[in-house]
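Structure, as structure tokens:
The values are calculated or read from the model by the stated rules, or taken from the named source; none is laboratory data. The shown structure was predicted, so the numbers you read here are calculated from the model rather than taken from an experiment. Reconstructed Cβ throughout: ideal geometry from the backbone, glycine too, with neighbour counts over all protein chains shown. Quick note on the areas: whole protein, heavy atoms, side chains included, nothing else; ligands and nucleic acids left out. Shrake-Rupley method; radii C 1.70, N 1.55, O 1.52, S 1.80 Å.
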Amino acid sequence: MVEHELYRKVTQAYNARFQHPPQLIVRAPGRVNLIGEHTDYNDGFVLPVAVDQAAWLAVGLTEEPWTTVRAMDMGNDEAVFSVNQVPASVGGWPDYPKGVVWAFLERGLQPPSVNAVLASDVPVGAGMSSSAAIELAFAFAWTTLGHFDIPLPDLALLCQRAENQYVGVNCGIMDQMISACGKAGHAMLLDSRSLERRYFPLPEGVAIVVADSLVRRSLASSEYNVRRAQCEQAVAHLQKYVPEATALRDISLRNLERFGRGLPEVVYRRARHVVTENDRVLRFARALYNGDIEAAGMLMVEGHRSLRDDYEVSAPELDALVEAAMEVPGCYGARLTGAGFGGCTIALVAEEAVPEFQAHITEVYAARFEKRPAVYVTHPADGVAVIQ
Ligand code: GLA
């Protein structure tokens, strides 16, 4: 890890900017989600993987009364703020470290002033949780330097609070939890209600291939909120028949079919996606456990269809990437990953088939959309940690 290009880059930049070496280098990963999309805010199940791509932070305590953060990917833009009292959010990347300070203060913890240099290779807006990675990097740095005693799952919750209430994005808990608690070589089954986690090793010889459509939709966050509201509407209706249900997590497909007919058709389909997706996550985890990668792959394809037709968060570019992926022998399954409306697809591909896979989906995509997707293999990585 100390060999990593971004490790060297943030260390050197910190040295040059602050004239002494950093105290810590923190790495917090982005993620891809193997299955379980739009289930976390319905108290359901998700199965993400922390990835190679990560936010890297060189950081050290300072005597100054202010904190200085330099973001190398933002043209070395610098944010300077006090950790005693954070001003309201004004948008842009400094909202992430400031939101984390805000969440510490809310919890009655005073983070120390620091100097920091940030660089990340998690693509922004691609549905790979670049913002959760930045939040976790800062939260972990402050926890370490401030000697706070906060377990990683609580740190994830603190970062989610920063994102929900300071940054103003109404996300669920998946992204922060996997960036905090990911495990190399493993996918993490998370119960978003109890926050219980179980780890499943990925089979040998199978690669996770990410294809970034390079489509970025500004609609994403408003549409995300619309989907959340539709799920709440479905629960409010279904509770009349299933009084113990507090979230779509508690609704079986049978109960949805029996009691959901009074719902507007579109709300019914949203609920059907969530209910069937929860079931797919559990079946996928079982398939991984049994080493049945073919069954897991089929569930990904089913999941993609459900996101496309019932939840309507796909895009023609993502559908094309999934279709092209499934044409390649050795590809077990493919689907969009993350919130949707653009961003990335992932596929599970036999290692020896990866070069052909890459060539085929690039060719098909370029012919249809006149741009090349960014296609790469990623590996299940560890969650946030000090690298030294
Ligand atoms: C975004 C959110 C997550 C989750 C996914 C959809 O990544 O941050 O909490 O809801 O969308 O599965």
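Given Cα pairs under 8 Å that are at least 6 residues apart, what percent is the relative contact order of segment 206-378?
So the answer I get is 33 percent.
Rounded if a/c is under 1.5, else prolate if a/b beats b/c, else oblate: with a ≥ b ≥ c from the C-alpha gyration tensor eigenvalues square-rooted, which is segment 293-379?
oblate
Check which residues have an amide H placed less than 5 Å from Ala54's amide H, if you skip close sequence neighbours.
Those lying under 5 Å, H to H, from Ala54 are Gly30, Asp121, Val122.
Over the chain, what is the relative contact order in percent, taking alpha-carbon pairs closer than 8 angstrom and at least six residues apart?
Relative contact order here is 23 percent.
At a temperature of 4 °C and a viscosity of 1.567 mPa s, determine how fast segment 1-43 diffuses translationally according to Stokes-Einstein, using the Kirkwood radius over alpha-carbon pairs as Rh; express D in µm²/s, rounded to the nearest whole number.
Answer from the Stokes-Einstein relation: 97 µm²/s.
In degrees between 0 and 90, to the nearest 10, how far off the longest principal axis of the chain does helix 293-309 point, with axes built from Cα atoms?
90 degrees
Kirkwood-based Rg over Rh for segment 206-378 (C-alpha set), two decimals?
When Rh is taken as the Kirkwood radius, the ratio is 1.03.
Based solely on its DSSP helices, what 222 nm [θ] is calculated for the chain when runs of n ≥ 4 H residues each add -39,500 (n - 2.57) and the sum is averaged over all residues, nearest 500 deg cm²/dmol?
Helices in the chain give a 222 nm mean residue ellipticity of -13000 deg cm²/dmol.
Cα atoms only, segment 220-296: Rg and Dmax in Å?
Cα-based Rg and Dmax for segment 220-296 come out at 14.3, 41 Å.
Can you tell me the accessible area per residue over segment 206-378, all protein chains present, probe 1.4 angstrom, in square angstrom?
44 Å²
Cβ neighbours within 10 Å, averaged per peptide: list 53-61, 374-382 in order, most packed at the top.
53-61, 374-382
I need the shape label for segment 1-130. Rule: rounded when a/c is under 1.5, else prolate if a/b > b/c, else oblate, with a, b, c from the alpha carbon gyration tensor.
oblate
Going by average Cβ density within 10 Å per residue, which order do the peptides 204-214, 116-126, 32-42, 233-243 take, highest to lowest?
Output ranking for 204-214, 116-126, 32-42, 233-243: 32-42, 116-126, 204-214, 233-243.
Considering only protein heavy atoms, what is the solvent-accessible area of Trp66 at a probe of 1.4 Å, reported in Å² to the nearest 10?
Trp66 has an accessible surface of roughly 110 Å² with all protein chains in place.
With a probe of 1.4 Å, find how much accessible area segment 38-148 has per residue, and write the answer as a whole number in Å².
In whole numbers, segment 38-148 has 33 Å² accessible per residue.
Only four residue types carry charge here, +1 at the Cβ of Lys and Arg and -1 at the Cβ of Asp and Glu. Report the dipole size of segment 287-388 about the Cα centre in Debye, rounded to the nearest 20.
Its charge dipole is roughly 300 debye.
May I ask you to order 323-334, 296-307 by the average number of other C-beta atoms within 10 Å around their residues, highest value first?
296-307, 323-334
In Å, what is the Rg of the alpha-carbon atoms in the chain, and how long is Dmax?
Both quantities, over Cα of the chain: 21.0, 68 Å.
Helix 130-145: angle to the longest alpha-carbon principal axis of the chain, degrees 0 to 90, nearest 10?
The angle comes out near 40 degrees.
With a 1.4 Å probe and all protein chains in place, put Val281, Val169 in order of accessible area, largest first.
Descending order: Val169, Val281.
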